[in-house]
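None of the figures in this text is laboratory data; all of them are computed from the coordinates on show. Keep in mind that what you see is a predicted model, and the values were worked out from it rather than measured. Cβ placement follows ideal geometry from the backbone for every residue including glycine, while neighbour counts extend to all protein chains displayed.
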Amino acid sequence: MVKNNKIFLFVFIILLLTKLYSVDLEGDWKLLNADKTKVQIKENENIYYFVGNVKIENKTNFYSAEKIIYTPGKNLIEMFEEVLIKEEGAEIASKSASFDTKKEILKSEGLKRILQKDLSLKGKRSIYDLKNSILEIEENVFFESKDYFGLADKLIYNIIDKRVRLFGLPYIGFENNFLGGDEILIKFKNDQLDEITVNNHGDLYWSRGEDKIEINSDYIRILFKENNKIDEAILEGDVRGYIKKEGEKNTINGHLMKVNFIDDNINDVIIKGRVEGIYFFKESEKKEDDDAE
């Protein structure tokens, strides 16, 4: 009798493990591979342990790690070591991660990278709300694309609205241009820069050959044309700095300044409200003024 019980238990375990490889983890989720498996059977719930080259997927998403723990009763999938996740067009690599299958919230620690189309993002940790398509990254945030890069303490990316908010003295670099401030909002259109705004003190540095702009103000708005080229810069609230064009440096102090660009070069500058500053005339301009008198 004891021998028969042992045989039955052995067959049961074999059948259980065989079934485990095709079990639906949650909805359409399935286990594709695991070197070792273990099931902890409790009164109210079972906990599944998968170790070694673990791979799971559903119709649209794919997860892999060295170790995965699945707790159906808590709607929780935990992943450890060499985590790679492919979610809704994004690829996420991290040291560890957890996924709430009910709330559809993915948390990653030791974030190595997030790739989404042409945009690459890095940081210490991330929270990805799949239902609302919102991605948050915290600590030592770095992001880059073909034409620009940026740094921040915190990033919130609304994927549906195509808007990125940066916090913690962030700044953005594009070609020889830099834009920084206390808080930055980036708007994208067709996966390219459409508009950048800076609130609560901003700094703009633009350079093209000998022409330069170095300005700070309370508010900055940059509008872009195709291929991430600057179209117009609008600065408001205690605008201070200088513009250097064709070798001449002009200091500026005003309430509102607009700079228009053509072919990525300064076309004209408009300053309004409490305007102060110094303009250095070139010799040819001085002669024209003398002749006019």
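Of note:
- Semi-axis lengths (Å, descending) of the ellipsoid that matches the C-alpha gyration tensor of segment 93-167: 19, 15, 11
- Summing charges over all other residues whose Cβ lies under 13 Å from the Cβ of Ser96, with Lys and Arg as +1 and Asp and Glu as -1, gives +1.
- Seen through its C-alpha gyration tensor, with square-root eigenvalues sorted a ≥ b ≥ c, segment 158-229 comes out oblate because a/c lies at 1.5 or above while a/b is not bigger than b/c.
- The modelled label-to-label distance for the pair Phe178/Glu91, using points 7 Å beyond Cα in the direction of Cβ, is 3.1 nm.
- Contour excess over end-to-end distance, with Cα ends at Glu82 and His255 and 0.36 nm allotted per residue: 57.0 nm
- Length added when fully stretched, Arg163-Lys245, from 0.36 nm per residue minus Cα-Cα: 26.2 nm
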